[in-house]
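Trainee: First, the structure itself, so that you have it in front of you.
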Amino acid sequence: MIRSKNFWAGSILLALIPVLVWDISWHYFSWQKEVWEQIIYATQNVYNYTREQKAEILDKAFESNKLLGWLMAVKSVLCLLFLFVGVYQLRLYAKKEKPSAFKPMLTGLGTVILFLAVKFFWTVEINNTPGAQFLTVKSGSTSFQNIVNDNFKGKVVYADFWGTTCVSCLAEFANFTHPLKDKYKSNHDIAYLYISRGNRYTWKQQIEKYQVNGYHLFLDDKDYDNLYRNALNNDTAAVFMPHYLIVNKNGKVAVKDAKSPSDQDKLFAQLNQYLAEK
């Protein structure tokens, strides 16, 4: 066990650099999805948003641009600072102790691995989204009907098939999902099911970023495609994201092509119809 304060100060500072680089990479990925692609999609009329909705999307894109740019700049400066101070502390340790290279290098590498493992576990396994519940199903052995029957008896379910890098999916989360939840916040007969594909690491990151409460399920591409087609009762259906369904209180898919949260008035009319049923 190395007992030098200089060694541990230097090792910890250097071990923090990969963690910060991890964060910077995530911020850059978020910038691409929340700023660059949102601006392109809004200005080029890729989706049928109203003028007011486009203005809201662009306002949030510019806010995200400022925040993400600031976070990337600050963490980049911290990386350089930790590098210089960490190397300086290790040089002080080397001058005082004159150790062999093997033990310090092995201990330093172990510290880096430990920090990255904690970061990975915290990101993938821990989620701080109030009201988010995570479902698991056995690969290749479930149906959409089974998921509904096992978790949502007697409820109207608004199901959202989305992807972790789907720009329009994220635009719905960022701009239109919360007004939907606010509309029905006192109604206990409705539940929200979010079925995702893509990157499992970014999955929980996106849920936490946009505070998407409800029930969440992540599937690999094959299981996602199968469940999507099973839900639509169409073995040849092309997978489009986002895609929304409404399940009635009897557990049957009542609307196979429901409106999106951004099509607010029409969606409310659809949901109200099934919520009113006994």
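Trainee: Considering PHE161, PHE121, PHE176, which residue is within 17 Å of GLN206 (Cα to Cα) and in contact with a Ser or Thr (Cβ under 6 Å, 6 or more places away or on another chain)? Don't jump to the end; show me each part of the working.
Mentor: Numbers: PHE161 fails: in contact with a Ser or Thr (Cβ under 6 Å, 6 or more places away or on another chain); PHE121 fails: in contact with a Ser or Thr (Cβ under 6 Å, 6 or more places away or on another chain).
The unique qualifying residue is PHE176.
Trainee: The conditions are (1) over 12 Å from PHE161 (Cα atoms); (2) part of a strand (DSSP E or B); (3) not charged (D, E, K, R), and ASN234 fails exactly one of them. Which is it?
Mentor: (2)
Trainee: Which residues, counting only those in region 72-107, are in contact with a Gly (Cβ under 8 Å, 6 or more places away or on another chain) and either of a type in the set (S, T, N, Q) or not in a helix (DSSP H, G or I) (or both)?
Mentor: GLN89 - this is the single residue of region 72-107 that is in contact with a Gly (Cβ under 8 Å, 6 or more places away or on another chain) and either of a type in the set (S, T, N, Q) or not in a helix (DSSP H, G or I) (or both).
Trainee: Please state which of the following conditions LEU81 fails to meet, knowing it meets all the rest: (1) exposed (fewer than 14 other Cβ atoms within 10 Å of the Cβ); (2) touching a helix residue (DSSP H, G or I) at 6+ places or on another chain (Cβ under 7 Å).
Mentor: (2)
Each row is one residue, and each column tells you yes or no for (1) in a helix (DSSP H, G or I); (2) within 25 Å of TYR47 (Cα to Cα); (3) free of Cβ contacts under 8 Å to residues at least 40 places away in the same chain.
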{"site": "ASN226", "(1), (2), (3)": "yes, no, no"}
{"site": "GLY251", "(1), (2), (3)": "no, no, no"}
{"site": "SER260", "(1), (2), (3)": "no, yes, no"}
{"site": "GLN273", "(1), (2), (3)": "yes, no, yes"}
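Trainee: Determine the pairs where a residue that is within 16 Å of TRP122 (Cβ to Cβ), located within region 19-36, has a partner that is surrounded by 14 or more Cβ atoms within 10 Å (Cβ to Cβ) and of a type in the set (D, E, K, R) with Cβ atoms under 8 Å apart, the partner being 6 or more residues away or on another chain.
Mentor: VAL19/LYS119; LEU20/LYS75; TRP22/LYS119; ASP23/LYS75
Here is a yes/no grid of residues against (1) at negative phi; (2) of a type in the set (A, V, I, L, M, F, W, C); (3) in contact with a Ser or Thr (Cβ under 8 Å, 6 or more places away or on another chain):
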| position | (1), (2), (3) |
| --- | --- |
| ALA15 | yes, yes, yes |
| SER25 | yes, no, no |
| TYR41 | yes, no, yes |
| GLU63 | yes, no, no |
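Trainee: What number of residues in region 184-210 are under 27 Å from LYS249 (Cβ atoms) and of a type outside the set (A, V, I, L, M)?
Mentor: Filtering region 184-210 for residues under 27 Å from LYS249 (Cβ atoms) gives 184-196, 207.
Still in the running and of a type outside the set (A, V, I, L, M): 184-189, 192, 194, 196.
Number of matching residues: 9.
Trainee: Just the residues that are within 22 Å of the chain's Cα centre (by Cα) and in a strand (DSSP E or B), please, taken from region 141-157.
Mentor: The one that is within 22 Å of the chain's Cα centre (by Cα) and in a strand (DSSP E or B): VAL157.
Trainee: Among (1) surrounded by fewer than 16 Cβ atoms within 10 Å (Cβ to Cβ); (2) part of a helix (DSSP H, G or I), where does ARG3 come up short?
Mentor: Every condition holds for ARG3 apart from (2).
Trainee: May I pose another question? Within region 44-59, track down each residue that is touching a residue at least 12 places away in the same chain (Cβ under 8 Å) and either part of a helix (DSSP H, G or I) or in contact with a Pro (Cβ under 7 Å, 6 or more places away or on another chain) (or both).
Mentor: Within region 44-59, GLN53, LYS54, GLU56, ILE57, LEU58 meet the criteria.
Trainee: For region 49-78, give me each residue that is surrounded by 15 or more Cβ atoms within 10 Å (Cβ to Cβ), of a type outside the set (A, V, I, L, M, F, W, C) and closer than 26 Å to ILE12 by Cα.
Mentor: LYS75
Trainee: How many residues, within region 213-265, are in contact with a helix residue (DSSP H, G or I) (Cβ under 6 Å, 6 or more places away or on another chain) and on the phi > 0 side of the Ramachandran plot?
Mentor: Residues flagged as in contact with a helix residue (DSSP H, G or I) (Cβ under 6 Å, 6 or more places away or on another chain) and on the phi > 0 side of the Ramachandran plot within region 213-265 amount to 1.
Laboratory data are not the source of any read-out in this text; all were calculated from the coordinates shown. If you're wondering where the values come from, they're calculated on a predicted model, not measured in any experiment. Cβ: placed from backbone, ideal geometry, glycine included. Neighbour counts: every protein chain shown.
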